[in-house]
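K.L.:
Before I ask anything, here is the structure I am working with.
The values are calculated or read from the model by the stated rules, or taken from the named source; none is laboratory data. Keep in mind that what you see is a predicted model, and the values were worked out from it rather than measured. Positions of Cβ are generated from backbone atoms using ideal geometry, with glycine treated the same way; all protein chains shown enter the neighbour counts. Side chains are part of the model used for accessible areas, which takes the heavy atoms of the whole protein and leaves out ligands, DNA and RNA. Shrake-Rupley method; radii C 1.70, N 1.55, O 1.52, S 1.80 Å.
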Amino acid sequence: LAAAPTPEALRAVLSGDDEQPGPAAAKPRAAGPSLHKILTVCGNGVGTSLFLKNTLEQVLDRWGWSAYVTVEATDTISAKGKASEAVALLTSREIARTLGDVGRPVKVVQDFTSTAEIDAVLRDTYDV
């Protein structure tokens, strides 16, 4: 992703259409109908994780990445089982401590309604 010189080249990498040799040509693994999945996690999967999911989807829409990333709101227990399907999990500091090491990056979000904070978390996650 870091080697993509333009937004179009980055979209090509994410969609698996990049035919260049080298690391940029590595195709992401599919996670269902889209190429990437991000889990938003809260205690029961029906409260704050839905706020976070909504905000994350707003940022993905603004970036033009909605076709490439699936966002799923889930509870803590289910997140542990689904973590291997995701590129990252976004949650609160307390839930992150509860989750522990799930084999995927767990990103702590302070304000679940802040598009600026979610934008920064996505930039860190995808190194853009």
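K.L.:
Go through the range 56-81 and report how many residues are within 30 Å of residue 9 (Cβ to Cβ) and not aliphatic (A, V, I, L, M). Spell out how you get there, then give the answer.
P.N.:
If we filter the range 56-81 for residues that are within 30 Å of residue 9 (Cβ to Cβ), which is where we start, we get 56-72.
Those still in the list that are not aliphatic (A, V, I, L, M) too: 57-58, 61-66, 68, 70, 72.
Looking only at that region, the number is 11.
K.L.:
Given the residues 60, 39, which is the only one that is modelled with pLDDT of 95 or more, of a type outside the set (Val, Ile, Thr), open to solvent by less than 20 Å² (accessible area, probe 1.4 Å) and not in a strand (DSSP E or B)? Spell out how you get there, then give the answer.
P.N.:
Working: 39 fails: not in a strand (DSSP E or B).
Of the residues listed, the single one that is modelled with pLDDT of 95 or more, of a type outside the set (Val, Ile, Thr), open to solvent by less than 20 Å² (accessible area, probe 1.4 Å) and not in a strand (DSSP E or B) is 60.
K.L.:
Hey, could you check the range 84-120 for residues that are open to solvent by less than 20 Å² (accessible area, probe 1.4 Å) and among the β-branched types (Val, Ile, Thr) and say which is farthest from residue 41 (Cα to Cα)?
P.N.:
Of everything passing the filter in the range 84-120, 118 is farthest from residue 41 (Cα to Cα).
K.L.:
Still on this structure, please answer the following. Please go through the range 15-36 and give me each residue that is at pLDDT 60 or above and open to solvent by 30 Å² or more (accessible area, probe 1.4 Å), ordered by number. Step through it out loud before you land on a result.
P.N.:
Let us first name the residues in the range 15-36 that are at pLDDT 60 or above, namely 15-17, 35-36.
Correct list: 15, 17, 35.
K.L.:
Which residues, counting only those in the range 89-128, are of a type outside the set (Asp, Glu), in contact (Cβ under 8 Å) with a residue 40 or more places away in the chain and on the phi > 0 side of the Ramachandran plot?
P.N.:
Residues satisfying the conditions do not exist here.
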